[in-house]
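> This structure is in structure tokens; I'll ask about it shortly.
Just so you know, all these numbers are worked out from the coordinates, no wet-lab data involved. Computed from a prediction, not measured in an experiment: that's the story for all the values here. All Cβ positions, even for glycine, are placed from backbone atoms using ideal geometry, and neighbour counts span all protein chains on display.
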Amino acid sequence: MKTKKITIIGCGLIGGSIALALRRRRPEWSVACLDVPARIPAIREAAVADEVGTIEDLAAHVPDSSLVLIATPIQSVLETAARLRPHLRPGSIVTDVASTKKRIMEEAQSLMPPDVHFIGGHPMAGSEHAGVEAADPLLFSDRVYILCPYADTPPDALLQLMDLAEDLLALPITVDPGEHDRIMAIVSHLPQLISVALMHAAQAGDAEHAMLDKLAGRGFLDMTRLAASEFAMWQGILKTNRDAIEESLDRFRRSLSQLQETIIDGSGALMWEQAGSRRRKMTTDSLVRPRKPDLRSQIDRCDKQILAALGHRMQAARRIGKLKMNQAAPVHDPDRERHMLLQRKEWAQSLGLSSDLIDELFAVIVKHSSRIQAPPN
């Protein structure tokens, strides 16, 4: 039986991949995907969702969704968020996957009802391919999933999105929206523009020799792979992160000019070696891992769950104590305690926990449970 529902608005590569991953890893979740009418047949064919509908079906899906994910193009994220407002249920969370965050975060929370929380999101994964037809449940595996909460975002809401990222096998980290956009300008948006410029320059040169297809090597193909991306996908990115992109372009122009000068005077070894040394350190082993605050947030979440479960256990123990008193039964039941401990050790073994930990942990728990159940002096 489905216990939770997520509605994904915009079912392209990212939205479709999230839907597909959740259907496989969180079968208790119901996944609904909404898109424009022309995309509905492709979404049904890809079988990424339990329910499929158009944007006009918001009222049929959003009210019973605990999480709504906006995976539309950047330029329509805020418009979509505004359309959601009348349908959002109290306590629900709204997030997006746009690759620029500052402008969206400046307005998004004001579009939400007071009891609904918006948290910006950006999974650092993608492809030059677009559309739900390219959906891949492993697209986010070992990739960073950036989250941008507000200062007053409740910890529980943030932890729910961190759980979502982990369900996608991604690595959740939190980043300030402005910092996010400046970083993206360098590591994502600038490479895209360089790829397009390189391909454009190569085409101009190919007008003279017409040998590009025959002589292009692996390096050229790797560097121009991003040029195959559709402009429509990038139009919103370039518009919403213009200042940071222009700053990155200026920095790149200065580096290119500096490199050009070193070629002329033959002094390029130092610049070349500095760049090469830094790049050689960027192996797959240097992938960004969750920051300490994020790991500590995960520990806080686990501790809170442990304490909540312990509180429920003690309440149950207290009720059992009253029954024992009414029946004049002894507080201690050695056979029950031995059986319980053996069962807990079996559970622990399946979770990779040591027997010593279980012995020590349940010795304390049973001691305090017995104290709760003991009749008053």
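> Using a cut-off of 10 Å between beta-carbons, work out the net charge of the residues near ILE358 (Lys and Arg +1, Asp and Glu -1, ILE358 not included). Don't skip to the end; give the middle numbers.
Numbers: positive: ARG344, LYS345; negative: GLU346, ASP356, ASP359, GLU360.
With Lys, Arg at +1 and Asp, Glu at -1, the neighbours total -2.
> With N set to the residue count of region 292-373, report its C-alpha Rg divided by 2.2 N^0.38 Å to two decimal places. Kindly include the intermediate steps, with their values, before the conclusion.
Values: Rg = 15.3 Å, N = 82, 2.2 N^0.38 = 11.7 Å.
This ratio for region 292-373 stands at 1.30.
> Mind sorting VAL68, VAL116 by how few other Cβ atoms lie within 10 Å of their own Cβ, fewest first?
Values: VAL68 28, VAL116 19.
Fewest to most other Cβ atoms nearby, the residues stand as VAL116, VAL68.
> Another question about this same structure. Under 25 °C and 0.890 mPa s, how fast does region 55-142 diffuse according to Stokes-Einstein, given a Kirkwood radius computed over C-alpha pairs? Answer in µm²/s, whole number. The partial results should precede the final answer.
Numbers: Rh = 13.9 Å.
The estimated diffusion coefficient comes to 176 µm²/s.
> Note down the relative contact order for region 4-175 as a percent, whole number, built from C-alpha pairs under 8 angstrom at least six residues apart.
Working: 355 pairs, mean separation 40.8, N = 172.
Relative CO of region 4-175 lands at 24 percent.
> Relative to the longest principal axis of the chain, what angle (0 to 90°, nearest 10) does the C-alpha long axis of helix 231-240 take?
Helix 231-240 sits roughly 80 degrees off the main axis of the chain.
> Within region 22-58, list the GluC sites (Glu not before Pro) lying in a DSSP loop whose Cβ has at most 14 other Cβ atoms in a 10 Å radius. Walk me through the numbers on the way to the answer.
Numbers: sites: GLU28, GLU45, GLU51, GLU56; in loops: GLU28.
Counting only loop positions with at most 14 other Cβ atoms within 10 Å, the GluC sites (Glu not before Pro) in region 22-58 are GLU28.
> While we're here: Find the centroid of the Cα atoms in region 79-127 and in region 207-266, then give the distance between the two in whole Å.
For region 79-127 versus region 207-266, the Cα centre distance is 32 Å.
> I've got another one for you. Separation between the VAL366 and ALA210 pseudo-spin-labels, each 7 Å from Cα along Cα→Cβ, expressed in nm?
Between VAL366 and ALA210, the label points sit 8.8 nm apart.
> Specify the angular offset, from 0 to 90 degrees and rounded to the nearest 10, of the alpha carbon long axis of helix 190-209 from the longest principal axis of the alpha carbons in the chain.
Approximately 30 degrees, to the nearest ten.
> Please report the relative contact order for the chain, taking Cα pairs under 8 Å with a sequence separation of at least 6, and give it as a percent rounded to a whole number. Intermediate results must be reported in sequence, preceding the final value.
Numbers: 480 pairs, mean separation 46.7, N = 377.
Once normalised by length, the contact order is 12 percent.
> Loop sites only, by DSSP: take the trypsin sites (Lys or Arg not before Pro) in the chain that have at most 14 other C-beta atoms within 10 Å and name the longest stretch containing none of them.
On the way: sites that count: LYS2, LYS281, ARG291.
Maximal segment without exposed cleavage sites: 3-280.
> Hey, could you get me the Stokes-Einstein D for region 4-175, Kirkwood radius over alpha-carbon pairs, 25 °C and 0.890 mPa s, rounded to whole µm² s⁻¹? All intermediate terms of the calculation are to be shown ahead of the outcome.
On the way: Rh = 15.6 Å.
It comes out at roughly 157 µm²/s.
> Taking 8 Å as the Cα distance limit and 6 or more residues as the minimum spacing, I'd like the relative contact order of region 292-373 as a percentage. Could the numbers behind the result be given before it?
Details: 28 pairs, mean separation 32.4, N = 82.
Relative contact order here is 40 percent.
> Here's another thing I want to ask about it. In the chain, what cysteines have no partner Cβ closer than 4.7 Å?
That list is CYS148, CYS302.
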